[in-house]
Amino acid sequence: MSNPNVILLIADDLGYGDLSCYGGVGAPTPNIDALCEQGVRFADGYSTSAVCTPARYSVLTGEYPFRNPDTHILPGDAPCIIGKEQGTLPKIFQKAGYRTAAIGKWHLGLGSGDLDWNRPISHTPNDVGFDYSYIFPATNDRVPCVYVKDRLVENLDENDPIEVSYARECPYDDIPTSERNPELLRMRHSNGHNNSIVNDVGRIGFMRGGEKAVWRDEDLAERFLAEAEGFIKADPDKPFFLYYALHQPHVPRVPNERFAGKSGLGPRGDVIMEMDDCVGQLTAFLEKEGLLDNTILIFTSDNGPVLDDGYMDDAERRNTMMQHRPAGPLRGGKYSKFEGGARIPLILSWKSHTRPAVSHALVSQVDFAASFASMLGVDLGDWAPDSRNILDALLGESIQGRDEIFAEAVNKSHFLRRGKWTYMEPSAGPAHDYVTNTELGNSLDHQLYNMDYDIGQRTNVAELHPHLVEEMSARIAEIRASSRTR
């Protein structure tokens with residue numbers, strides 16, 4: 001098997017039911033659907049977490065998030081949580097002679113503490129396996145709203161230094177905030193997001209200075225796409241691995257003017273159309289460059305969907321009107337222990353190799369590391385301890401994936417999927433988050449669901465199968481007690 005190029009496209013907060021090819025009736029996604037026409041669509045694909053930082057950590061390290069106590073939703077000025085000596089997915093590709101790049105959303109921290117945005121940054125994606133990086137530091141609703149190219153904020157102005165604070169109260173008297181200056185906003189917040197105003201939108205955290213470096217939300221998609229294409233063209237004779245982290249449909253949803261109002265679902269639908277267009281442009285670019293036949297394209301999402309995640313953009317009303325269910329038939333969504341939190345769209349297309357198929361193999365994003373190491377003949381050693389080689393399943397050559405799925409909710413409680421059964425361990429906390437209108441799955445009772453006939457997890461059959469509850473509960477405890485050694 002020749003060494004193909006690999007592009008991992010990972011969307012942000014895209015649900016199991018958001019794509020047309022997964023039965024979605026909302027924003028059309030013809031370009032992503034087209035990947036299924038020459039690839040494998042997974043019906044049982046999972047991330048390891050119902051929120052982004054832990055899920056992305058697993059993608060890049062092959063480790064379950066619980067192994068690193070810093071895998072929570074990070075502020076925009078957090079230190080990098082992947083160690084410089086740690087094994088990572090891009091390092092696996094580097095060992096096989098690949099060029100590597102990270103482009104798009106990062107949200108795994110930068111620097112080593114006391115980050116100075118006006119100087120070279122000591123701990124970036126370039127220190128964990130990427131030859132090139134062009135990112136924004138955290139999420140598009142968190143400051144600083146700047147691009148970081150390799151180790152420097154792009155368009156720095158020494159006469160206008162950047163200051164960032166995540167203090168409870170604004171430490172800067174000379175900047176507007178959405179709490180003090182709501183008249184400056186074009187999009188109101190529903191919860192939080194009432195700190196600095198950037199591009200007429202309230203954000204989390206406070207930022208002062210760096211006016212020339214601040215990005216415009218409407219330009220993010222095209223900027224990252226241009227960087228992706230530039231990286232690919234830089235050395236077409238050498239195989240490459242590209243981690244292309246799309247920022248859609250995370251809040252704030254501010255589409256480019258070409259897509260504003262086009263979906264009928266409001267800004268969330270518009271940015272999904274924008275995201276789909278990026279996939280189409282990238283695919284067309286690969287075709288034009290003669291690279292598509294030997295490029296593996298993986299499209300997936302970091303976690304499940306959420307409609308109101310802090311801004312009043314009318315997503316809930318419009319989705320109800322269109323009868324669009326972002327999580328499809330699944331219960332819950334982002335933050336949740338129900339399957340809607342971590343069961344996500346996952347498509348793999350390799351034009352010269354894969355055939356159109358729908359696979360029911362159990363697959364997890366944590367397995368990318370071991371699977372690609374196997375494809376490339378790279379010895380993992382003690383890297384990626386939770387990753388399993390399921391390459392044949394990913395390529396559609398086997399219906400056998402991994403034996404079990406292990407994933408967590410935002411509160412770090414876990415669920416285990418094994419065969420047709422999903423078991424959710426007891427956990428304290430509210431059953432429903434009324435801020436985001438999400439069923440969280442918390443209960444002090446054991447929960448067991450038969451996913452063959454109850455994909456919506458409506459009937460808890462734990463009392464009918466005490467042996468399964470005992471067995472699966474013990475397995476969760478065993479995984480959590482295991483060491484990092486493969």
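The values are calculated or read from the model by the stated rules, or taken from the named source; none is laboratory data. Because the structure is predicted, anything quoted here is derived from the model rather than measured. No Cβ is skipped: glycine too gets one built from the backbone with ideal geometry, and neighbour counts run over all protein chains shown. The accessibility values were calculated without ligands, DNA or RNA, using every heavy atom of the protein model including side chains. Shrake-Rupley method; radii C 1.70, N 1.55, O 1.52, S 1.80 Å.
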Seminar exercise, completed: Among Val410, Val378, the single one that is open to solvent by 50 Å² or more (accessible area, probe 1.4 Å) and either modelled with pLDDT of 95 or more or in a strand (DSSP E or B) (or both) is Val410
Problem set entry | the range 23-49: number of residues that are closer than 15 Å to Val363 by Cβ and hydroxyl-bearing (Ser, Thr, Tyr) | 3
Exercise. For the range 271-329, what are the residues that are under 26 Å from Arg343 (Cβ atoms), touching a strand residue (DSSP E or B) at 6+ places or on another chain (Cβ under 8 Å) and part of a helix (DSSP H, G or I)?
Worked result: Met275, Val279, Leu282, Thr283
Problem set entry | Members of the range 182-224 found to be open to solvent by less than 50 Å² (accessible area, probe 1.4 Å), in a loop (DSSP other than H, G, I, E, B) and touching a residue at least 40 places away in the same chain (Cβ under 8 Å), listed by number | Ser190, Asn191, Gly192, His193, Asn195, Asn199, Arg203, Gly205, Gly209, Gly210, Ala213, Trp215
For this session: Give just the number: which of (1) buried (at least 21 other Cβ atoms within 10 Å of the Cβ); (2) of a type outside the set (Gly, Ala, Ser); (3) more than 21 Å from the chain's Cα centre (by Cα) does Glu274 not satisfy?
Result: (3)
Seminar exercise, completed: Asp433 meets each of (1) surrounded by 18 or more Cβ atoms within 10 Å (Cβ to Cβ); (2) more than 21 Å from Tyr335 (Cα to Cα); (3) of a type in the set (Asp, Glu) with one exception, condition (2)
Seminar exercise, completed: Pairing a residue in the range 296-316 that is open to solvent by less than 10 Å² (accessible area, probe 1.4 Å) with any residue that is among the aromatic types (Phe, Trp, Tyr) and at pLDDT 95 or above, where Cβ atoms lie under 6 Å and the two sit 6 or more apart in sequence or on different chains, gives Ile296/Trp350
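Do we find that Ala138 is touching a His at 6+ places or on another chain (Cβ under 8 Å) and crowded, with 24+ Cβ neighbours inside 10 Å in this structure?
Yes.
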For this session: Residue by residue through the range 415-464, note down the ones that are charged (D, E, K, R), farther than 30 Å from His189 by Cβ and part of a strand (DSSP E or B).
Result: Arg417, Arg418
For this session: Taking Ile32 as the residue in question, decide whether it is touching a residue at least 60 places away in the same chain (Cβ under 8 Å), under 29 Å from Val378 (Cα atoms) and of a type in the set (Val, Ile, Thr).
Result: no
Seminar exercise, completed: Pairing a residue in the range 10-23 that is closer than 27 Å to Trp106 by Cβ and in a strand (DSSP E or B) with any residue that is among the small types (Gly, Ala, Ser) and open to solvent by 10 Å² or more (accessible area, probe 1.4 Å), where Cβ atoms lie under 7 Å and the two sit 6 or more apart in sequence or on different chains, gives none
Exercise. Would it be correct to say that Gly401 is more than 26 Å from Thr283 (Cα to Cα) and either modelled with pLDDT under 95 or open to solvent by 20 Å² or more (accessible area, probe 1.4 Å) (or both)?
Worked result: no
Exercise. Does any residue of the range 151-159 turn out to be more than 27 Å from Leu246 (Cβ to Cβ) and touching a Ser or Thr at 6+ places or on another chain (Cβ under 8 Å)?
Worked result: no
Exercise. Can you tell me which residues in the range 109-151 are within 19 Å of the chain's Cα centre (by Cα) and farther than 20 Å from Glu163 by Cα?
Worked result: Pro125, Val128, Gly129, Phe130, Ser133, Tyr134
For this session: Output the number of the condition that Glu478 fails; it satisfies all remaining conditions of (1) without any contact (Cβ under 8 Å) to a residue 12 or more places away in the chain; (2) under 30 Å from Val128 (Cβ atoms); (3) open to solvent by less than 40 Å² (accessible area, probe 1.4 Å); (4) of a type outside the set (A, V, I, L, M, F, W, C).
Result: (3)
Exercise. So is Phe241 part of a strand (DSSP E or B) and either free of Cβ contacts under 8 Å to residues at least 60 places away in the same chain or over 24 Å from Pro120 (Cα atoms) (or both) or not?
Worked result: yes
